[in-house]
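To start, the structure under review is shown below, and the notes come after it.
The values are calculated or read from the model by the stated rules, or taken from the named source; none is laboratory data. Since the structure is predicted, the reported quantities are computational estimates derived from the model, not experimental observations. Counting neighbours? That spans all protein chains shown, and the Cβs are built from the backbone with ideal geometry, glycine included.
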Amino acid sequence: MPKIPARVEITSFPQGKRIAVTTSFDDGDECDRRIVAAFNEWGLKGTFNLNSGSLGTSGVKPPDGSRQKLDRSEVAELFRGHEVAIHTVTHPWLQKLDPSQIALEVLEDRKALEDIVGYPVRGMAYPFGGYDARVVEILRNLGIVYCRTCHVVSPCFPPADPLLWGSTGHQYAENPSIPEQFEKLYANPRYSGVFYVWGHAFEFHDRKDWASLERIFKPLSGKPDVWYCTNIELFDYEEARKRMVIAANRATAFNPSALSVTLNVDGELVDVPGGKTVSLVKE
Ligand SMILES: [Zn+2]
């Protein structure tokens, strides 16, 4: 007898992972290189919010160890596999600008970054964490998918308003620290959610504290039940899962998106590829 499943759940994250770990780093400082090198080794993902107006243009990579901005010529290769996102052209307090200047700061940054990386740049972080209702409305009309604030929010995802997205904490959060917070959540097998750390690569440099890169971030890595993703990947999967169609009789599922979505069918994980209808009936 074919068996119709008793319960079909759309999992929060791909492959039914129970936690998503994501990070972001602002300002495009050359110290980002050390973050990327470590993250590539540990399997962590980052979103890098860049000010296109302050990237170097000489074509010469500035030497490590100083504090210079990245050169435009190295950005695409450096951040491959990670996400490049908007942080405005010149890093102003957006709420002090008039509407046209706000729009230009955002769109010109987006265009310049897209010229460099070769894909649509859709996410953003507020310079200085600064915004007001007017700024948020302009970003909404420009089609920005999410914009990160400096607020600490729990749970941080999905946000009530993606343009007012808060994080789990800053890299140097204390009492509890980032690794302490993660350890506590991870140790609870029933916990599911997004763990989001933001900061600046140059803070490790300025504090002469590069040891903390490993102390803070390595404990988040290497977990089989954690999805390591960029900021935009979270929003893209969330969109895709919200569009999933499960037949009322639970016999079939249709995924109208381009991304695969994972279902939990009576405790068994079933991947539904983008654009496909699959049977959930067990013969
Ligand atoms: Zn900044």
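On the basis of being hydroxyl-bearing (S, T, Y) and closer than 30 Å to A253 by Cα, does S12 make the cut?
On the way: hydroxyl-bearing (S, T, Y): yes; closer than 30 Å to A253 by Cα: yes.
Yes; evaluated as a whole, the condition is true for this residue.
Quick test for you: out of L280, L263, pick the one residue that is over 30 Å from P120 (Cα atoms), out of contact with any Gly (no Cβ under 8 Å at 6 or more places or on another chain), among the hydrophobic types (A, V, I, L, M, F, W, C) and modelled with pLDDT of 95 or more. Walk me through how you get there before you give the answer.
Working: L263 fails: over 30 Å from P120 (Cα atoms).
Within the list L280, L263, the selection yields L280.
Of the residues N175, N249, which is more than 21 Å from the chain's Cα centre (by Cα) and free of Cβ contacts under 8 Å to residues at least 12 places away in the same chain? Walk me through it before giving the result.
Working: N249 fails: free of Cβ contacts under 8 Å to residues at least 12 places away in the same chain.
None of the other options fit; the residue is N175.
Could you say whether any residue in region 275-282 is closer than 29 Å to F39 by Cα and either assigned to a helix (DSSP H, G or I) or in contact with a Lys or Arg (Cβ under 9 Å, 6 or more places away or on another chain) (or both)? Steps first, answer last, please.
Residues of region 275-282 closer than 29 Å to F39 by Cα: none.
No - not one qualifying residue is present in region 275-282.
State the number of residues belonging to region 158-205 that are farther than 24 Å from E239 by Cβ, within 16 Å of the ligand (Cβ to nearest atom) and small (G, A, S).
Step one: list which residues in region 158-205 are farther than 24 Å from E239 by Cβ, which gives 169-190, 199-205.
Add one more test, that the residue is within 16 Å of the ligand (Cβ to nearest atom), and what stays is 170-172, 199-205.
Within this subset, residues satisfying the condition of being small (G, A, S) are 199, 201.
Of the residues in that region, 2 qualify.
From R148, R110, R140, grab the single residue that is among the charged types (D, E, K, R), closer than 30 Å to R241 by Cβ, touching a residue at least 60 places away in the same chain (Cβ under 8 Å) and assigned by TED's automatic domain parsing to the domain that holds Y196.
Details: R110 fails: touching a residue at least 60 places away in the same chain (Cβ under 8 Å); R140 fails: touching a residue at least 60 places away in the same chain (Cβ under 8 Å).
Being among the charged types (D, E, K, R), closer than 30 Å to R241 by Cβ, touching a residue at least 60 places away in the same chain (Cβ under 8 Å) and assigned by TED's automatic domain parsing to the domain that holds Y196 holds for just one of R148, R110, R140, which is R148.
Tell me the residue from I246, I216 that is modelled with pLDDT of 95 or more and within 15 Å of F25 (Cβ to Cβ), please. Lay out the reasoning, then the answer.
Numbers: I246 fails: within 15 Å of F25 (Cβ to Cβ).
Result of the check over I246, I216: I216.
Name the residue that is farthest from G193 (Cα to Cα), counting only residues in region 122-143 that are away from the ligand (no atom under 16 Å from the Cβ) and not in a helix (DSSP H, G or I).
Here the answer is D132.
Out of curiosity, is E74 out of contact with any His (no Cβ under 8 Å at 6 or more places or on another chain), of a type in the set (D, E) and within 16 Å of the ligand (Cβ to nearest atom)? Break it down stepwise before answering.
Details: out of contact with any His (no Cβ under 8 Å at 6 or more places or on another chain): yes; of a type in the set (D, E): yes; within 16 Å of the ligand (Cβ to nearest atom): no.
Against the criterion (out of contact with any His (no Cβ under 8 Å at 6 or more places or on another chain), of a type in the set (D, E) and within 16 Å of the ligand (Cβ to nearest atom)), E74 does not qualify.
Cβ contacts < 9 Å: first residue surrounded by 13 or more Cβ atoms within 10 Å (Cβ to Cβ), restricted to region 266-281; second residue modelled with pLDDT under 95 and in a loop (DSSP other than H, G, I, E, B), any location; separation 6+ or different chain. Result?
V281/P2
Looking only at region 143-175, how many residues end up being of a type outside the set (S, T, N, Q) and touching a Phe, Trp or Tyr at 6+ places or on another chain (Cβ under 9 Å)?
18
If the requirement is being touching a residue at least 24 places away in the same chain (Cβ under 8 Å) and exposed (fewer than 13 other Cβ atoms within 10 Å of the Cβ), which of these qualifies: G222, G169?
Details: G169 fails: exposed (fewer than 13 other Cβ atoms within 10 Å of the Cβ).
After applying the criteria, what remains is G222.
Looking at region 190-203, I want the residues that are farther than 16 Å from T47 by Cα and have a partner that is of a type in the set (A, V, I, L, M, F, W, C) and within 16 Å of the ligand (Cβ to nearest atom) with Cβ atoms under 9 Å, at least 6 apart or on another chain. Which pairs are those?
Short answer, once both residue conditions are applied: E203/C31.
Is it the case that some residue within region 93-107 is over 23 Å from Y146 (Cα atoms) and of a type in the set (D, E)?
Kept after step one, since they are over 23 Å from Y146 (Cα atoms), are these residues of region 93-107: none.
No, there is no match, as no residue in region 93-107 is over 23 Å from Y146 (Cα atoms) and of a type in the set (D, E).
Residues to consider are F79, F25; find the one that is within 14 Å of the ligand (Cβ to nearest atom), hydrophobic (A, V, I, L, M, F, W, C) and touching a strand residue (DSSP E or B) at 6+ places or on another chain (Cβ under 6 Å). It would help to see each step written out before you state the result.
Numbers: F79 fails: within 14 Å of the ligand (Cβ to nearest atom).
F25 is the lone residue from the list that is within 14 Å of the ligand (Cβ to nearest atom), hydrophobic (A, V, I, L, M, F, W, C) and touching a strand residue (DSSP E or B) at 6+ places or on another chain (Cβ under 6 Å).
Touching a residue at least 40 places away in the same chain (Cβ under 8 Å), of a type in the set (A, V, I, L, M, F, W, C) and away from the ligand (no atom under 14 Å from the Cβ): which single residue out of I19, I86 fits that description? If you could, list the steps in order and put the result at the bottom.
Numbers: I86 fails: away from the ligand (no atom under 14 Å from the Cβ).
Going through I19, I86 in turn, just one is touching a residue at least 40 places away in the same chain (Cβ under 8 Å), of a type in the set (A, V, I, L, M, F, W, C) and away from the ligand (no atom under 14 Å from the Cβ): I19.
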